[in-house]
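The values are calculated or read from the model by the stated rules, or taken from the named source; none is laboratory data. Computed from a predicted model, the values in this text were never measured in an experiment. Don't worry about glycine lacking a Cβ; one is built from the backbone with ideal geometry, like all the others, and counts go over all protein chains shown.
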Amino acid sequence: MSISGQSGVGKIRLFHDFCGPELPIAGTTAVNATGGGMFKIGDFKVTGDITNTDCGVVQLEKVSGYIRIIGSADTDADGIAIGTDKCFSPVLNGPLILETRVEMNELTTKNVFIGFCTANADIVVEPITSVTTTITKTVPSVGFHFDSTLTADATAATAVWHMPYLLSTDTTQTSTSVASSQVAVAAESDILRLEVDVDGGARWYINGKLEQTVAAGLAATPATVVAGIVGVWAKSTAVGIDIDYLLVEANRDWTR
């Protein structure tokens, strides 16, 4: 909880523009020698199946600076994420903000999650998965979602950005109930912004347009501790997502 008048740095602001750092594909250091691992780029950690030969983070020679995080084809559901540790609580640090500019290099064989979730271990799990019209929770999550196996959206089939919010008491959501009006287009960037309030309400913006608002307590359990991530996981072949920048903001908890 932010206390008015508290001295010190009250705002937590994590940001990276990705204009230089990269990680080698097929990392071999001791930290990830058992099949997963964690590396650091600026304010963020990189988690996932980094020891796989086709999994990692590479710098792209694109204007404004982009990285590509690459999910592995070694095993279905292997992947990689860049983000924070599990260290933010809506009620203590809110409002929480995650904003990123991302570009799909292609629109097939991938599962993407961008937002806040309750897990970001060294071998990062898929926070949610999808098939046909059903979005299923692995861990409590609120954010943006794209899955190439979603098939029945009213606007543009599999290419629609979705905005799921699945708490500890939830199991699934129907994709059409959380579909945005905007389509992910290969080789075109989208700005995705999520705001989670202290009471667990939330708002989703895509390219500056407010796409969805949910009331207090529906998007997040206020006391739950979460991480902010951008992640991609494979569906039978190596996949990637390009990131121009990543911003996570929160208020410092002065109560401890």
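Conditions (1) charged (D, E, K, R); (2) modelled with pLDDT of 85 or more; (3) surrounded by fewer than 17 Cβ atoms within 10 Å (Cβ to Cβ), marked per residue:
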{"site": "K40", "(1), (2), (3)": "yes, no, yes"}
{"site": "D54", "(1), (2), (3)": "yes, no, no"}
{"site": "S64", "(1), (2), (3)": "no, no, yes"}
{"site": "A73", "(1), (2), (3)": "no, no, no"}
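Y245 fulfils the conditions (1) under 26 Å from L150 (Cα atoms); (2) hydroxyl-bearing (S, T, Y); (3) modelled with pLDDT of 95 or more except for a single criterion, (1).
In region 188-203, is there at least one residue being in a strand (DSSP E or B), loosely packed, with under 14 Cβ neighbours inside 10 Å and touching a residue at least 12 places away in the same chain (Cβ under 8 Å)? The answer is no; no qualifying residue exists. For region 92-139, the candidate set comprises residues that are part of a loop (DSSP other than H, G, I, E, B), under 24 Å from F18 (Cα atoms) and touching an Asp or Glu at 6+ places or on another chain (Cβ under 7 Å); within that set, the residue that is modelled with the lowest pLDDT is I123. Tell me yes or no: at least one residue of region 165-180 is buried (at least 21 other Cβ atoms within 10 Å of the Cβ), touching a residue at least 40 places away in the same chain (Cβ under 8 Å), assigned to a strand (DSSP E or B) and in contact with a strand residue (DSSP E or B) (Cβ under 8 Å, 6 or more places away or on another chain). The answer is yes; a qualifying residue exists. The residues of region 140-159 that are buried (at least 16 other Cβ atoms within 10 Å of the Cβ), farther than 14 Å from W233 by Cα, of a type outside the set (D, E) and modelled with pLDDT under 90, listed by number, are L150, T158, A159. Candidates E188, E211: the one that is under 28 Å from T108 (Cα atoms) and either modelled with pLDDT under 95 or aromatic (F, W, Y) (or both) is E188. If you go through region 221-244 and keep only what is assigned to a loop (DSSP other than H, G, I, E, B) and either within 17 Å of F44 (Cβ to Cβ) or out of contact with any strand residue (DSSP E or B) (no Cβ under 8 Å at 6 or more places or on another chain) (or both), you end up with T221, P222, A223, T224, S236, T237. Candidates in region 231-244 are the residues that are crowded, with 24+ Cβ neighbours inside 10 Å and among the aliphatic types (A, V, I, L, M); of these, the one that is nearest to N105 (Cα to Cα) is I241. Listed by first and then second residue, the pairs with beta-carbon distance under 6 Å, at least 6 apart or on different chains, first residue in region 221-232 and closer than 13 Å to D197 by Cβ, second crowded, with 24+ Cβ neighbours inside 10 Å, are P222/P90.
The listed residues are L218, L210, L247, and the only one of them that is surrounded by fewer than 17 Cβ atoms within 10 Å (Cβ to Cβ), of a type outside the set (G, A, S), part of a strand (DSSP E or B) and in contact with a strand residue (DSSP E or B) (Cβ under 9 Å, 6 or more places away or on another chain) turns out to be L210.
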